[in-house]
4 protein chains.
Amino acid sequence: MHEVDYHADTTRLEALSDGVFAIAMTLLIIEIGVPHPVAGEGLGEALLELWPSYFGYAVSFTTIGVMWANHHQMFKDIYRTDHVLTVLNLLWLLCIAFIPFPTAVLAEYMRQQDQMLEAVLLFGATFTITAIAANALWLWVATHRNLIDDHVSEVRIRSRTRRYLPGPLLYAAGLPLAFVTPWISVGLYGALALFYLLPLNDATS
Amino acid sequence: MHEVDYHADTTRLEALSDGVFAIAMTLLIIEIGVPHPVAGEGLGEALLELWPSYFGYAVSFTTIGVMWANHHQMFKDIYRTDHVLTVLNLLWLLCIAFIPFPTAVLAEYMRQQDQMLEAVLLFGATFTITAIAANALWLWVATHRNLIDDHVSEVRIRSRTRRYLPGPLLYAAGLPLAFVTPWISVGLYGALALFYLLPLNDATS
Amino acid sequence: MHEVDYHADTTRLEALSDGVFAIAMTLLIIEIGVPHPVAGEGLGEALLELWPSYFGYAVSFTTIGVMWANHHQMFKDIYRTDHVLTVLNLLWLLCIAFIPFPTAVLAEYMRQQDQMLEAVLLFGATFTITAIAANALWLWVATHRNLIDDHVSEVRIRSRTRRYLPGPLLYAAGLPLAFVTPWISVGLYGALALFYLLPLNDATS
Amino acid sequence: MHEVDYHADTTRLEALSDGVFAIAMTLLIIEIGVPHPVAGEGLGEALLELWPSYFGYAVSFTTIGVMWANHHQMFKDIYRTDHVLTVLNLLWLLCIAFIPFPTAVLAEYMRQQDQMLEAVLLFGATFTITAIAANALWLWVATHRNLIDDHVSEVRIRSRTRRYLPGPLLYAAGLPLAFVTPWISVGLYGALALFYLLPLNDATS
C-alpha cells in the first residue's frame, strides 16, 4: 500500500514546489492595484494610505520564504518519496498558493476597520493550517525512516520535529487574540515574520 | 520523419512542464477576488458565500497536482524525445494552463444556479480533453519503444497504459450526468480529486 | 571586450528562460475574463462568443511553445556564454513576455471588427520582432565559434541558420496582408502555429 | 550563531531566485490593460498613448534582467549558504518581486503629469533599495570568506565589491533630480538600463 518507490528521486517534487513557492511570493504584488487619489488628495498620500498592502506583502512574502526554507531543509534529509509524501506535499503547496487571497483581504479590511476581525481570522487561520500541513509532512517522514537519508541521525530528526511543532501553535495564538483587538494579531504575525529572519533562531537551517 | 534525437535529454522539457504545472496551480487563486459585502452583510458571510471558489480552487489544484504526478511518473520511464512527443507534451500543457478559466467560470455560476449547467459542461470537458491529451502522450511513448529506458519492462508499460485509460472516461461521465443536475457532476469531480489522493490507488506512483 | 567567461555554464540562463517561457504561456489564460451574458442570452452563447480569446490563446501558446523548442535546440549546441549572448537572450525573453498583451488586444478587437486592423498589426509585429530576436541570438552564436560545443559541425550550424531565417519573413508577411483584410493575417498566424507542430518540418528538433 | 551549514548547496536557493526573477519580469505585462479608445479615436492612437507602459515594461524588465545576471555571477563564486545569506537573499527577492507595482504606478502617472513626481520617486526608491539589498548580500559574502569557493581570488572578490557599489548611488541620483523635473529621472533610469546592456561594461559578467 505505502510501498516506497525506490526509483524515485525527489528532484522534480522539489522543482514543482520551488515553482509554487516562487509564484505565490511573486503573485502577492498583483493584488496591490495602482491607487487613484480622490479629489484634493495627492498621489503621495494615496500611496501612503496603501501601507496595509505593503505590510501584508512583506509579512506574507517573508512567511512564505521562511516556509520555503523549511521545505528546503526537510528535503535535504529526504531521500525517497512515496504516495503519502507526495500527497502531503501537494496539500502544503495548496495552502501556500492560497496565501495571496487572505493577504489581499486583510490589506483591504485593515483600511475598513469595522470588518477587520474576520479578515484577520482568515489570514491567521490560513497560516495556522499551512503550518499544520508542514508538520504533517515532516511527521510522516520522521515516522518512516526508509524515506530518509542513511547519514541523517535520530537526534537530528527529533530536533527538527521539535523545532517545527511550535509553528502552528504560534500562528493559532493570533486567532483568539484577534477578539481582543485585531491589531494584536496583526502585530503578532508581523513579529513572527521578523523573528524567523533573526539569526538567533535556526528556523531556516 | 519521426527520427529520434539521440542527443536530447528530457531535462528541459520537464523543467518547462514543471513551470507550467506550478503556474497553472498557483494562478487559480487570483481568480478569487476580494469580496465586498452588500449592505447589512458582514465580511464573514461574504467570505463564506465564496465557498464555490474555494471548492473549485481545491478541486482544480488537486487535479492539476495529480496530473503533474502522472507526468512525473511517465518521464521517469522516458529516455529520449522526438518531435511528436514534444508536440503532444505541448498540447497537454495547453490544456493544463487553460484550467484556471473553466474553474473561475464554474465558481461564479455555482452561485447563479440557473446557468450552472453550461459552466459544469465547460469544466468537465476541459478535464476530459486534458486527460485525453495525457493518454495521447503516453500511447505515443508506449508504441515507440525506442523513447523508453531499456530497463523498463513491457509489463510496466502495459500496466501504466491500463492505469491511465479510465481517466478520460471518468471525467467524461460527468458530462451527461450534468443534464440530470449539475451538482452530481460537481460532486463527481470533487470525489475524483479526493480519490486520486487516497493511498489505495497508485495514480501518482 | 567580448571576452568569453570560461567559468560560465548555461544552466541558469536556461533556467531563467524556461521560467519566462512557461509563465508567458500560462499567463495568457488570465486575460480571458469570466463572461457575463447580456439579458436574454445564455452562458453557453456567451462562452461561444469568446472564441477569439480561445483562438488567440491557442495560437500564442503554441507559438511560444515552438519558440521555446527552438531556444532549447540552440542551447544544446551552446557551450559558453558571453555578455552579448546574455543581452540578446534577455531581449528575446522581453519579446516573449510581451506576447500576452497583443494576444489580449487581438482577442478583444476580433469581436469589434472595425478596429481589427491595428490589433492584427500589433500582434503580427510582436511575432515578427520576437523571431528577429531569436535569429539575432543564433547569428551571434553562429559567428562566434568559441561559444559552441566542439562536437557541433559547421554543417549543423549552417543548417540551423538556414532553418531559422524564414521565421521573421513569414510573420512579417502577415503585416501587409492585413491591409487586404485582417482575417487573412489571422488565418496565416493560425496556420503557422499548426504548421510548426507538424512532424513534416523539423522546427523543434 | 552564524554557523555555516556545510551540507547545504546553493542549488535550491538559486532555483527559487530564478523563479522569482522570471515571474517578476513576466508579470510586468499584465499591468498593461487592453486599451479602449474614447469616441472619435482609433485603436492605433490608443495603443500609441500607452507608450509609458511600454517604456516602463522595457526599463523594469531590463533592470530585473541585469540584477538577475548579477545574482547569477555572485552565486558562481558562492559555495556555501548560512542563515544570514538566506535572509539577505530573501530581502533582495522581496524587492525584485515588488517592482511590477511602481512600474504600473509610473506608467499611469506619466500620462497624468501633475502627479508624476511621486510616481517617479516611488519607482526610483524601489530601484535604489533593491540595489542596496544586492550590495548587502554581496558584502556579507565578501566578509565571510568561508562562504566562497576556494579558487576565487581576493582580487576577484574586491573587484566585484567595487563594481556593485555604484549601483545604489546611480539609482539614488534620480531621486533629487526628479524635483527639477521628473522627466530627467525617467531618462536616467532608461539610460541606466541601456548602459548595463552595453558590452563596454561588465555588469553582467
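What the table shows:
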quantity	calculated
DSSP-loop trypsin sites (Lys or Arg not before Pro) across region C:54-116, with at most 15 other Cβ within 10 angstrom	C:R111
Furthest towards positive pole of dipole, A:Q115, B:L43, B:L88, structure part the protein assembly as shown, Cβ charges	B:L88
Folded to 0 to 90 degrees: helix A:51-77 orientation relative to chain A principal axis, Cα	0
At 7 Å out from Cα toward Cβ: B:A191 inter-copy label distances (nm, ascending)	4.9, 4.9, 6.9
Share of Cα-Cα pairs in region B:11-197 lying beyond 24 Å, as whole percent	43
Across the identical copies, how the C:T143 labels are spaced - nm, sorted shortest first, 7 Å along Cα→Cβ	4.7, 4.7, 6.6
Average partner coverage of C:26-38, which counts Cβ from other chains inside 10 Å	6
Span from the region B:79-120 Cα centroid across to the region A:146-165 one, whole angstrom	40
Within 10 Å of each Cβ in A:154-165, the average number of Cβ atoms from other chains	0
In nm, spacing of pseudo-spin labels at B:E49 and A:R158 (7 Å Cα→C-beta vector)	5.4
Distances in nm from D:F179 to the matching label points in the other copies, shortest first (labels 7 Å along Cα to Cβ)	5.2, 5.2, 7.4
Inter-label distance, nm, simple model (7 Å from Cα along the C-beta direction), A:W183/B:V180	5.6
C-alpha long axis of helix D:154-164 to longest principal axis of chain D, angle in °	20
For region D:17-75, alpha-carbon Rg and Dmax in angstrom	15.6, 54
Longest DSSP-loop-exposure-free segment, GluC sites (Glu not before Pro), chain B, at most 14 other Cβ within 10 Å	B:42-205
Between 0 and 90°, nearest 10: helix B:116-142 axis offset from chain B longest Cα axis	10
Relative contact order (%) - region A:11-197, alpha-carbon pairs under 8 angstrom, separation at least six	25
Rg/Rh (Cα only; Kirkwood hydrodynamic radius) as it applies to the protein assembly as shown	0.94
Descending principal axes extents, region C:145-192, alpha-carbon based, whole Å	49, 16, 15
Magnitude of the charge dipole, the protein assembly as shown, Cβ model with Lys/Arg +1 and Asp/Glu -1, debye to 20	1520
Inter-chain shielding of D:98-105 (mean C-beta neighbours from other protein chains, 10 Å cut-off)	5
Net dipole in debye of chain A [+1 Lys, Arg Cβ; -1 Asp, Glu Cβ; about Cα centre; nearest 20]	560
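All of the numbers you see were taken from the coordinates with simple rules; none came from a lab. Please read all numbers here as calculations on a predicted model, not as lab measurements. When we count neighbours, we look across all protein chains shown, and the Cβ atoms used for this are built from the backbone with ideal geometry, even at glycine.
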